[in-house]
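Participant: Here's a structure for you.
The values are calculated or read from the model by the stated rules, or taken from the named source; none is laboratory data. No experiment lies behind these values; they were computed from the predicted model shown. Backbone-built Cβ (ideal geometry, glycine too); neighbour counts: all protein chains shown.
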């Protein structure tokens, strides 16, 4: 991924733009934050991957997302979908379903979001999960088969499935949930990896890199503020040899 320095088209939320861009730069990719419907279709054609996050969705942004996705699909460019709190409002829920029906290469969400997309019940109301990862694993497998996607549930131990093969990724830091947009930036990083690897490997690789950087930063941080900057540093410092030696992943 670092050798190719992929250009990743990130349609993400206002809160996430800065950290997501810095995450990609630290990891070795090149970010572009373009969301206007007048140009998303054209730009998606020249990118290595597209990522779509509905965190601060609006009618204009939704139109830009749809045009970018259709363009990416027509050009065989992979795309990653992050259905942030899709259950919060009817508008958001409808938009998430429309985008999901465009068959993302990778779908990433927390347990509550994945449960909701599959038609399951959840008590979640905001952006944070109230359900354990284990509760959404069967839903993830069903979604993977239905939409021919790799589905990722992020949590204390992440779960990744393509409907046939399943992986779990541990590691990271308990400080990660205290830093805004960590998950959103992970979605963008998955775009960088899926531009150079098949989707299942790409999803697992991005989680492993996050886990290793988070674990390293955790040992040096005094709290969420210092952790955020240390995490960026560690992303840039992890070598290929370091990455190959990581033991955070297990196959079911």
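Participant: Could you tell me which of the residues 75, 58, 30, 93 is in contact with a strand residue (DSSP E or B) (Cβ under 6 Å, 6 or more places away or on another chain) and surrounded by fewer than 18 Cβ atoms within 10 Å (Cβ to Cβ)?
Facilitator: Sole residue among the options that is in contact with a strand residue (DSSP E or B) (Cβ under 6 Å, 6 or more places away or on another chain) and surrounded by fewer than 18 Cβ atoms within 10 Å (Cβ to Cβ): 30.
Participant: Related question: Do you know which residues across the range 7-20 are over 21 Å from residue 73 (Cα atoms) and assigned to a loop (DSSP other than H, G, I, E, B)?
Facilitator: Those that are over 21 Å from residue 73 (Cα atoms) and assigned to a loop (DSSP other than H, G, I, E, B): 13, 14, 15, 16.
Participant: I want to confirm something. Restricting to the range 210-226 and keeping residues that are under 20 Å from the mean Cα position of the chain (by Cα) and closer than 18 Å to residue 16 by Cα, which single residue is surrounded by the most Cβ atoms within 10 Å (Cβ to Cβ)?
Facilitator: 210
Participant: Which residues, taken from the range 68-83, are part of a loop (DSSP other than H, G, I, E, B) and closer than 18 Å to residue 147 by Cα?
Facilitator: The answer is 76, 77, 78, 83.
Participant: Look at residue 165 and say whether it is touching a strand residue (DSSP E or B) at 6+ places or on another chain (Cβ under 8 Å) and surrounded by fewer than 18 Cβ atoms within 10 Å (Cβ to Cβ).
Facilitator: Yes: the conditions hold for residue 165.
Participant: Something else: Restricting to the range 120-158, count the residues that are assigned to a helix (DSSP H, G or I), within 16 Å of the chain's Cα centre (by Cα) and either modelled with pLDDT under 95 or under 23 Å from residue 182 (Cα atoms) (or both).
Facilitator: Summing the residues that are assigned to a helix (DSSP H, G or I), within 16 Å of the chain's Cα centre (by Cα) and either modelled with pLDDT under 95 or under 23 Å from residue 182 (Cα atoms) (or both) in the range 120-158 gives 2.
Participant: Every residue in the range 191-236 that is free of Cβ contacts under 8 Å to residues at least 60 places away in the same chain and in contact with a strand residue (DSSP E or B) (Cβ under 8 Å, 6 or more places away or on another chain), please.
Facilitator: Of everything in the range 191-236, those that are free of Cβ contacts under 8 Å to residues at least 60 places away in the same chain and in contact with a strand residue (DSSP E or B) (Cβ under 8 Å, 6 or more places away or on another chain) turn out to be 200, 204, 207, 208, 211.
Participant: Continuing with this model, one more query. Can you name the residue in the range 24-37 that is in a loop (DSSP other than H, G, I, E, B) and touching a residue at least 24 places away in the same chain (Cβ under 8 Å) and is also farthest from residue 232 (Cα to Cα) among such residues?
Facilitator: Within the range 24-37, the match that is farthest from residue 232 (Cα to Cα) is 37.
Here's the yes/no breakdown for (1) surrounded by fewer than 23 Cβ atoms within 10 Å (Cβ to Cβ); (2) modelled with pLDDT of 95 or more; (3) part of a loop (DSSP other than H, G, I, E, B); (4) at positive phi:
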site: 5; (1), (2), (3), (4): yes, yes, yes, yes
site: 22; (1), (2), (3), (4): yes, yes, no, no
site: 42; (1), (2), (3), (4): yes, yes, no, no
site: 51; (1), (2), (3), (4): no, yes, no, no
site: 62; (1), (2), (3), (4): yes, yes, no, no
site: 66; (1), (2), (3), (4): yes, yes, no, no
